[in-house]
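Below is one structure; the comments refer to it alone.
The values are calculated or read from the model by the stated rules, or taken from the named source; none is laboratory data. Model, not experiment: these values are computed from the prediction. With ideal geometry, Cβ positions are generated from the backbone for all residues, glycine too; neighbour counts draw on all protein chains shown. Quick note on the areas: whole protein, heavy atoms, side chains included, nothing else; ligands and nucleic acids left out. Shrake-Rupley method; radii C 1.70, N 1.55, O 1.52, S 1.80 Å.
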Amino acid sequence: MESTAVIATQKFCDAWKAAFTGVLESLGAAAVVCSWRAPLADYAAPAAPIENAIATRFQISKGLQGLSVALCDKSVAVQFAQLLQSEALDPTAEFSEISRDAFTEFLRQIAGQVATEWKAETGLEIDLAVVDPPEPPNLPGTQTSTLEIKSDKFAPLDMQFFFDPSLCAALIAVPAPHEDAATAPTPAVAADSSDSTLNLGATPNLALLLDVELQATIRFGQRDMLLREVFGLMPGAVVELNQFVNEPAELLVAGRLIARGEVVVVDGNFGLRVSEVAAAGQRATLLDL
């Protein structure tokens with residue numbers, strides 16, 4: 001049976017694979033396959049400096065503490081930057097300051113997706129921040145492996161990752177996974193299946209949270225935009241949303257859809273006349289925050 005440390009490290013590596021797959025597919029790459037070439041192993045610094053390479057440092061905090069460094073050739077970085085900018089891929093193109101900014105933004109999206117994947121697998125929240133300036137991956141005891149990324153959009157690309165000792169130690173300390181739902185005991189909770197409200201009896205500590213402030217937002221619609229479209233915005237520009245004028249606006253609390261309704265004006269302020277409330281199960285997901 002695998003140890004908790006091995007399982008946590010595997011989940012963390014899997015989160016990086018899933019993040020690259022998801023972000024690249026969102027940028028138009030198809031048939032994306034990511035795989036680690038080998039398990040994490042001790043890193044031995046090369047005798048000569050690595051030429052023509054770009055290093056990016058990720059500071060990891062919250063549920064995990066440590067440092068990770070991604071290293072790749074400039075030809076790899078420029079292709080990721082071109083994908084983000086919806087440009088034709090040319091690995092021989094110059095890695096300019098614009099390319100560097102786009103590549104950094106690409107990795108920020110990867111970092112955000114890694115945090116999402118990790119929470120989905122473990123229930124633990126982490127923050128991954130791209131930190132400047134990057135530090136060379138020469139820390140004693142650093143673990144390393146190479147992620148190979150394939151797609152029908154480009155030839156196979158390699159990114160080498162380095163996990164510092166503090167991050168490896170944090171992964172070892174990750175709690176063991178919960179018992180399988182089929183074998184875990186289920187507490188007896190009396191519930192009326194016909195009740196359309198949230199069952200407070202199932203969450204006895206809810207009263208402790210009722211005075212917590214949450215951010216409420218009214219959303220009229222949304223739209224996915226390319227980075228170059230965002231940079232092209234100027235006074236007078238019109239951004240078309242995916243919602244018709246006769247459709248109800250949405251009320252989001254802490255980013256979760258809670259209700260829909262009609263926008264009104266109350267004492268000179270915008271308001272929402274609720275016409276539809278989300279199901280109890282949807283509202284209950286707020287407790288997961």
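Summing charges over neighbours of Thr146, with a neighbour being any other residue whose Cβ is under 15 Å away from its Cβ, gives -1 when K and R count +1 and D and E count -1.
Over 25 Å between Cα atoms, which of Lys62/Lys150; Lys17/Lys119; Lys11/Lys62; Lys17/Lys153; Lys11/Lys74; Lys11/Lys153 qualify? Beyond 25 Å between Cα atoms: Lys62/Lys150; Lys11/Lys74; Lys11/Lys153. Among residues other than Pro248 with Cβ under 10 Å from its Cβ, the summed charge is -2 (Lys and Arg +1, Asp and Glu -1).
Only protein heavy atoms count here; under a 1.4 Å probe, Glu262 has an accessible surface of about 100 Å². Solvent-accessible surface of protein heavy atoms, probed at 1.4 angstrom with all chains present, puts Arg260, Arg223 in the order Arg223, Arg260, largest first. Normalised by 2.2 N^0.38 Å, where N is the number of residues, the alpha-carbon radius of gyration of segment 26-94 equals 1.39.
Note on Met234 and Asp158: with the Förster distance fixed at 45 Å, the Cβ-Cβ geometry gives a FRET efficiency of about 0.70.
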